[in-house]
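> Next up is a structure, given as structure tokens.
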Amino acid sequence: MTALNPQTGEVLWETLDSSTPPLEIPVLFPPLFGQVADNAVYFYNPETNRVRVLDAFSGNTLWSINMDDVAGMSVADDALYVLLPDRIQEYRPSNTIYLSEIADGMGDTTLITLANLSPDVAVGTLEFLDDDGNPVAIGVQGLVDPVTSVDFSLQPNGTVRVQTTGLSDPLVTGWVRATANRPIRGTAVFQTNGPTSVLFEAGV
């Protein structure tokens with residue numbers, strides 16, 4: 001698959017469907033139902049029974065799914081509709097990431113960094129959860145009281161940082177769920193702090 005500059009014809013990116021057989025093996029059926037919508041490229045590979053969705057700006061795979069006997073595809077209102085022999089299935093993106101550990105208290109803090117991968121503003125919510133999946137209140141720098149969630153807004157291709165205060169007593173541990181209206185990525189850095197500086201760090 002090749003993306004071209006519409007003004008110049010210059011190749012912007014090129015990618016080989018990773019599920020396509022090697023070039024020396026004859027392809028019986030070419031990819032079908034290719035279309036571009038919502039800054040993504042959608043197509044179905046009947047050779048491997050796989051629906052693939054690529055980022056229209058980079059060609060990177062956003063997601064894919066195995067599916068037999070696809071008879072048609074259409075994209076509307078941020079959803080992919082797949083026509084099968086006996087039904088229509090609807091798929092919507094879930095721009096949610098999970099950071100499996102967070103710790104705060106007894107000198108330990110967590111620095112969470114979120115990154116927006118899209119050319120549009122991304123807004124969402126960062127939730128703090130305990131090991132059983134229940135909301136847990138944690139102090140966050142810049143806020144007066146401990147909170148169970150933080151709303152965020154990310155500029156196109158921008159980042160935002162959320163730093164816990166380390167004031168929980170006793171130590172609070174759990175995990176983080178971040179949900180946005182655009183694709184995002186995230187990291188967590190655990191910090192053990194001394195009186196005036198960070199002594200140790202570990203990243204996830």
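The values are calculated or read from the model by the stated rules, or taken from the named source; none is laboratory data. Predicted, not measured: the structure shown is a model, and the values here were computed from it. Note that we place each Cβ from the backbone using ideal geometry, even for glycine, and neighbour counts take in every protein chain shown. The protein model used for the area step is the full one, side chains on, heavy atoms only, and it has no ligands, DNA or RNA in it. Shrake-Rupley method; radii C 1.70, N 1.55, O 1.52, S 1.80 Å.
> Checking residue 65 against (1) open to solvent by 30 Å² or more (accessible area, probe 1.4 Å); (2) assigned to a loop (DSSP other than H, G, I, E, B), only one condition comes out false. Which one?
(2)
> Looking only at residues in region 88-120 that are assigned to a strand (DSSP E or B) and touching a Leu at 6+ places or on another chain (Cβ under 6 Å), which one is surrounded by the most Cβ atoms within 10 Å (Cβ to Cβ)?
Taking region 88-120 as the starting set, the residues that turn out to be assigned to a strand (DSSP E or B) are 88-91, 96-105, 108-116.
Next, from what is left, pick out any that are touching a Leu at 6+ places or on another chain (Cβ under 6 Å): 91, 105, 116.
On the way: 91: 16, 105: 18, 116: 24.
The extreme case among them is 116.
> Sticking with this structure for a sec: Answer with yes or no whether residue 117 is of a type in the set (A, V, I, L, M) and touching a Phe, Trp or Tyr at 6+ places or on another chain (Cβ under 6 Å).
Details: of a type in the set (A, V, I, L, M): yes; touching a Phe, Trp or Tyr at 6+ places or on another chain (Cβ under 6 Å): no.
Against the criterion (of a type in the set (A, V, I, L, M) and touching a Phe, Trp or Tyr at 6+ places or on another chain (Cβ under 6 Å)), residue 117 does not qualify.
> Collect the residues in region 75-98 that are in contact with a strand residue (DSSP E or B) (Cβ under 6 Å, 6 or more places away or on another chain) and in contact (Cβ under 8 Å) with a residue 24 or more places away in the chain, keeping them in residue-number order.
75, 80, 82, 91, 95, 96, 97, 98, listed by residue number.
> Here is a further query. Select from region 138-150 the residues that are without any contact (Cβ under 8 Å) to a residue 24 or more places away in the chain and among the aliphatic types (A, V, I, L, M) and write down the one among them that is nearest to residue 105 (Cα to Cα). If you could, list the steps in order and put the result at the bottom.
Just the residues of region 138-150 that are without any contact (Cβ under 8 Å) to a residue 24 or more places away in the chain, to begin with: 142-148.
Cutting the leftovers down to among the aliphatic types (A, V, I, L, M) gives us 143-144, 147.
On the way: 143: 16, 144: 16, 147: 14 Å.
The qualifying residue nearest to residue 105 (Cα to Cα) is 147.
Conditions tested, residue by residue: (1) open to solvent by 20 Å² or more (accessible area, probe 1.4 Å); (2) closer than 30 Å to residue 55 by Cα.
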site: 122; (1), (2): no, yes
site: 148; (1), (2): yes, no
site: 161; (1), (2): yes, yes
site: 175; (1), (2): yes, yes
site: 179; (1), (2): yes, yes
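> Could you check how many residues of region 103-121 are out of contact with any strand residue (DSSP E or B) (no Cβ under 7 Å at 6 or more places or on another chain) and polar (S, T, N, Q)? Give the derivation first.
Taking region 103-121 as the starting set, the residues that turn out to be out of contact with any strand residue (DSSP E or B) (no Cβ under 7 Å at 6 or more places or on another chain) are 106, 118-120.
Filter once more, keeping what is polar (S, T, N, Q): 118.
Number of matching residues: 1.
> Considering only residues of region 41-97 that are under 17 Å from the mean Cα position of the chain (by Cα) and of a type in the set (Lys, Arg), which is farthest from residue 17 (Cα to Cα)?
Taking the candidates together, the pick is 92.
> Determine the pairs where a residue that is part of a loop (DSSP other than H, G, I, E, B), located within region 39-51, has a partner that is among the aromatic types (Phe, Trp, Tyr) and open to solvent by 20 Å² or more (accessible area, probe 1.4 Å) with Cβ atoms under 6 Å apart, the partner being 6 or more residues away or on another chain.
Cβ pairs passing all conditions: 46/29; 47/29.
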